[in-house]
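The values are calculated or read from the model by the stated rules, or taken from the named source; none is laboratory data. Because the structure is predicted, anything quoted here is derived from the model rather than measured. Positions of Cβ are backbone-derived with ideal geometry, glycine not excepted, and every protein chain shown enters the neighbour counts. Note: areas computed on protein heavy atoms with side chains; ligands, DNA, RNA excluded. Shrake-Rupley method; radii C 1.70, N 1.55, O 1.52, S 1.80 Å.
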Amino acid sequence: MGTRRPMDEEYIDIDDTFNQDDDAGNGGYAWEEEYKRSWDVLQEDEEGRLSSVVAQLQQQRKRRRLLKDTAVIQRGIIRHLFLIIDLSEAMNEKDLRPNRIDLTISYAKQFVIEYFDQNPISQLGIIVTRDGIAEKLTELSGNPTDHVTALETRNNVETSGEPSLQNALNLARASMIGVPSHGSKEVVLIFGALTTCDPSDIHDTVYLLQKENVRVNIVGLAAEVQICRELCNKTKGTYGIVLNEAHYKDLLFDAIPPPAIAPTKNRSNLVMMGFPRKHRENQATFCVCHSKLTTVGYICPRCRSKVCELPSDCDVCGLTLVSSPHLARSYHHLFPVENFDEIRTSNLQSMHCFSCLIPFDKSDINTTTTTGTTTTTPGTSSGQYYACPKCKQEFCMDCDIFIHEVLHNCPGCWSIASENQDNNKK
């Protein structure tokens, strides 16, 4: 039987970076210092096992993903994003398991599904670069099935030659020329090579991207490349180098929440939208988006044309077509749930989680063993319970993650609002 491949959550990232502030005056190099043993942080529990310590480190990693900026700022929820994937020979390296390209395709499919789940009225397209050219796998659209199917086609993701950073960026920029002013333009680039084969001066492309307000985020799989750093700095994007498989996923998924609107575009615009209903016909008719015969579609309320999917733009009159649930699901980005406060076991006011009603384990205590004596100190555990800063209701870690990543509403705050409405009616 082969060994089981660990899941993403099972990778433990220990921060053993060198603290330059402590020895700033010594003038020495990091490799001249005493080596650090990251396994020293794993201490056995009372029963001599490491499982509880490993579980705590995994929970801390999950929790770290939630600690994001929750300030109420203006964000662009109508996004147009191109995912550019490097398919050069460098993607065959096996420094990431099983190799760079297989892991990248797997994460790219997850990224597409999560992107449309969090941004239902946005659009996405996929571009690949190899052999010094760029190829568009999918056009900008709001259907995740088309993008996932394109990534699953093996011929589309074969590696060859060198990448062309300039050609890929020019193709993405040209494909977003028709994006309306109220929509944001973004590029997420997964770059595994250390070189790029470009036909001309790439700084001209960087200038055009900066002029047209195209934000470029890059996830590097190798060492840092200077042109990538300059590109991200000038377009107000982010540039990160992966450490391991779990860190790779974190960097890629950081591009899913919509970014803040640039100060130059910080003005209100009224966007005309149509809310078509699903229509089923007895006779098949052509749709305007794919020119295919279908019996099910959505009828544009302005020009009465039929489209296959929502959200999309009507190809005849240009009206933005969405459904009301899509618009409601995009609302949580504008008013995110505040980060919950971590509380100690001794400070718990409730006996169970407010959401899932699972009882809290208040026997969680720290035990300090001295010479011949065992001393227990209640309430000094760091705890894995959290409280909403507004309603003060207490939740377990699983519910905390579910509220911030899926529900996007605090059950405690909503229950208080419901009670107030009932009291006002009485």
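Looking at the structure I just gave you, is Arg97 in contact (Cβ under 8 Å) with a residue 12 or more places away in the chain and surrounded by fewer than 19 Cβ atoms within 10 Å (Cβ to Cβ)? The answer is yes for Arg97. The set of residues in region 225-253 that are under 20 Å from Ser181 (Cα atoms) and open to solvent by less than 40 Å² (accessible area, probe 1.4 Å) comprises Thr235, Gly237. Tell me yes or no: at least one residue of region 254-269 is surrounded by 12 or more Cβ atoms within 10 Å (Cβ to Cβ) and without any contact (Cβ under 8 Å) to a residue 40 or more places away in the chain. Taking every residue of region 254-269 in turn, at least one turns out to be surrounded by 12 or more Cβ atoms within 10 Å (Cβ to Cβ) and without any contact (Cβ under 8 Å) to a residue 40 or more places away in the chain. Of the strands (runs of 3 or more DSSP E) that lie entirely inside region 168-258, those containing 1 or more residues that are of a type in the set (Asp, Glu) span 184-191. Take Thr129 and decide whether it is without any contact (Cβ under 8 Å) to a residue 60 or more places away in the chain, touching a strand residue (DSSP E or B) at 6+ places or on another chain (Cβ under 8 Å) and open to solvent by less than 10 Å² (accessible area, probe 1.4 Å). Criteria met by Thr129.
Taking region 60-96 as the range and being among the acidic types (Asp, Glu) and modelled with pLDDT under 85 as the test, only Asp69 passes. Within region 358-372, identify whether any single residue is at pLDDT 90 or above, under 28 Å from the mean Cα position of the chain (by Cα), more than 30 Å from Ser122 (Cβ to Cβ) and part of a strand (DSSP E or B), and answer yes or no. Among the residues of region 358-372, not one is at pLDDT 90 or above, under 28 Å from the mean Cα position of the chain (by Cα), more than 30 Å from Ser122 (Cβ to Cβ) and part of a strand (DSSP E or B), which makes the answer no.
How about region 274-329: which of its residues are modelled with pLDDT of 90 or more, buried (at least 18 other Cβ atoms within 10 Å of the Cβ) and among the hydroxyl-bearing types (Ser, Thr, Tyr)? Of everything in region 274-329, those that are modelled with pLDDT of 90 or more, buried (at least 18 other Cβ atoms within 10 Å of the Cβ) and among the hydroxyl-bearing types (Ser, Thr, Tyr) turn out to be Tyr298, Ser305. Just the residues that are open to solvent by 30 Å² or more (accessible area, probe 1.4 Å), closer than 13 Å to His80 by Cα and of a type outside the set (D, E, K, R), please, taken from region 144-176. Passing the criteria: Ala174, Ser175.
Filtered by the rule that a residue be free of Cβ contacts under 8 Å to residues at least 60 places away in the same chain, farther than 14 Å from Gln166 by Cα and crowded, with 16+ Cβ neighbours inside 10 Å, region 215-224 gives Arg215, Asn217, Val219, Gly220.
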